[in-house]
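Below: the structure, in structure tokens.
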Amino acid sequence: NKMAGRATWGKCVRRDLLFSGITDSMYFIWLSVSGTFYCLKELAHPLHSEPPRYAIRLLSYVPGVTLMHQGQPSDTLLRDVGHCVADIGICLESLKGTEAEAAIRKREFEWDITNVLVCERAVSCIPDVNVRGTVQTVLDRFRLELQPHLDNMPSGLIHGDLNGMNVIIDPDRPHCVHGVIDIGDTIYAPYVADLGICLAYMMQLFLETPAESVAPLVKGYCSRRPLSDFEKEVLPLCVMTRLSQTISFGYEAYSQDPGNEYLLQSVKPAVTVLPRLFAMSADEFQQLWH
């Protein structure tokens with residue numbers, strides 16, 4: 001059962017993070033009275049004559065505010081976010097060879113950054129021809145420059161979705177990461193991909209100077225886990241890959257539900273950031289981040 005498996009590895013990930021002490025506050029899944037991670041219940045619904053069955057699970061509460069709702073993060077906070085991204089990958093190395101890792105590696109997940117080429121199906125949904133061309137070029141570069149090397153890169157379990165809504169800040173200590181939530185997107189991938197994913201989301205808080213503004217995050221990450229020369233080289237491509245996923249899947253969803261502007265909330269800033277990064281040279285990224 002996919003949900004049971006997801007809950008199981010979520011519990012494993014949380015336990016390892018807590019024992020490693022990288023965060024003092026992280027959600028966990030409570031067992032039901034029958035000892036399972038979820039229960040199935042029929043609940044009345046106004047649009048259905050027969051009550052649908054829902055999978056229900058209970059999560060603990062992580063106090064604080066999301067980084068997104070706190071506004072533009074300071075350099076100090078960005079550096080601590082970098083620490084957090086690196087520490088998650090480091091501590092999850094202890095799950096290598098475990099049942100939890102095996103379950104995640106078997107999982108099919110379209111937001112898996114190593115499986116980004118599946119979003120080629122959605123490129124045609126992008127209305128702006130220039131953005132569409134940029135996204136396709138990024139996917140082509142991934143196919144040529146990164147995909148052939150995936151098996152040889154330092155890899156393991158990563159969070160996979162460290163965006164501003166999943167990083168929790170304590171209002172009394174606004175320059176430090178207090179907790180991390182939403183570990184359901186955990187995947188097996190190169191460690192540098194988690195940094196790239198996080199950068200892609202944090203850049204959307206700095207639309208005018210996206211690459212320059214997140215430099216403290218990269219430096220915070222590298223202070224915990226130094227990048228190899230090849231990882232430094234492909235990091236910008238990892239960032240643009242996640243932005244391309246966001247744009248492609250967002251417009252695909254919108255094409256299936258026209259008028260639902262909520263589906264474009266994350267797309268619009270990604271459309272602003274991607275061309276700025278695409279226009280930068282490798283030397284510019286090197287000078288800014290390393």
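See the values below:
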quantity: Filter result for LEU150 (in contact with a strand residue (DSSP E or B) (Cβ under 7 Å, 6 or more places away or on another chain) and either at pLDDT 95 or above or more than 29 Å from ILE183 (Cβ to Cβ) (or both)); calculated: yes
quantity: Count - residues of the stretch 222-266 that are more than 16 Å from GLY196 (Cα to Cα), surrounded by 13 or more Cβ atoms within 10 Å (Cβ to Cβ) and charged (D, E, K, R); calculated: 1
quantity: Pairs with Cβ under 6 Å, 6+ apart, first in the stretch 58-74 and at negative phi and open to solvent by 60 Å² or more (accessible area, probe 1.4 Å), second in a loop (DSSP other than H, G, I, E, B) and among the aromatic types (Phe, Trp, Tyr); calculated: LEU59/TYR27
quantity: Test: residue in the stretch 28-37 that is free of Cβ contacts under 8 Å to residues at least 40 places away in the same chain, in a strand (DSSP E or B) and either on the phi < 0 side of the Ramachandran plot or surrounded by 13 or more Cβ atoms within 10 Å (Cβ to Cβ) (or both); calculated: yes
quantity: Residue in the stretch 130-146 that is open to solvent by less than 80 Å² (accessible area, probe 1.4 Å), in contact with a strand residue (DSSP E or B) (Cβ under 9 Å, 6 or more places away or on another chain) and closer than 22 Å to LEU243 by Cα present; calculated: yes
quantity: Output for the stretch 241-290, where each listed residue is among the charged types (D, E, K, R) and in a helix (DSSP H, G or I); calculated: ARG242, GLU252, GLU261, LYS268, ARG276, ASP283, GLU284
quantity: GLY259, sole failed condition from (1) of a type in the set (Gly, Ala, Ser); (2) under 25 Å from HIS83 (Cα atoms); (3) out of contact with any Lys or Arg (no Cβ under 8 Å at 6 or more places or on another chain); calculated: (2)
quantity: Residue satisfying condition, being acidic (Asp, Glu) and free of Cβ contacts under 8 Å to residues at least 40 places away in the same chain, within set ASP182, ASP170, ASP161, ASP194; calculated: ASP182
quantity: Pick from the stretch 176-221, criterion part of a loop (DSSP other than H, G, I, E, B) and open to solvent by less than 10 Å² (accessible area, probe 1.4 Å), ranking: nearest to LEU77 (Cα to Cα); calculated: VAL214
quantity: Matching entry among PRO171, PRO154 (being surrounded by fewer than 21 Cβ atoms within 10 Å (Cβ to Cβ) and either over 24 Å from THR98 (Cα atoms) or among the basic types (Lys, Arg) (or both)); calculated: PRO171
quantity: Answer residue from the stretch 83-125, given it is among the small types (Gly, Ala, Ser) and in contact (Cβ under 8 Å) with a residue 12 or more places away in the chain and is surrounded by the fewest Cβ atoms within 10 Å (Cβ to Cβ) among those; calculated: SER94
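The values are calculated or read from the model by the stated rules, or taken from the named source; none is laboratory data. What you see is a predicted model; the values in this text were computed from it and never measured. Cβ coordinates were reconstructed from backbone atoms using ideal geometry, including for glycine residues, and neighbour counts include every protein chain displayed. Just the protein is used for accessible areas: all its heavy atoms, side chains included, with ligands, DNA and RNA removed. Shrake-Rupley method; radii C 1.70, N 1.55, O 1.52, S 1.80 Å.
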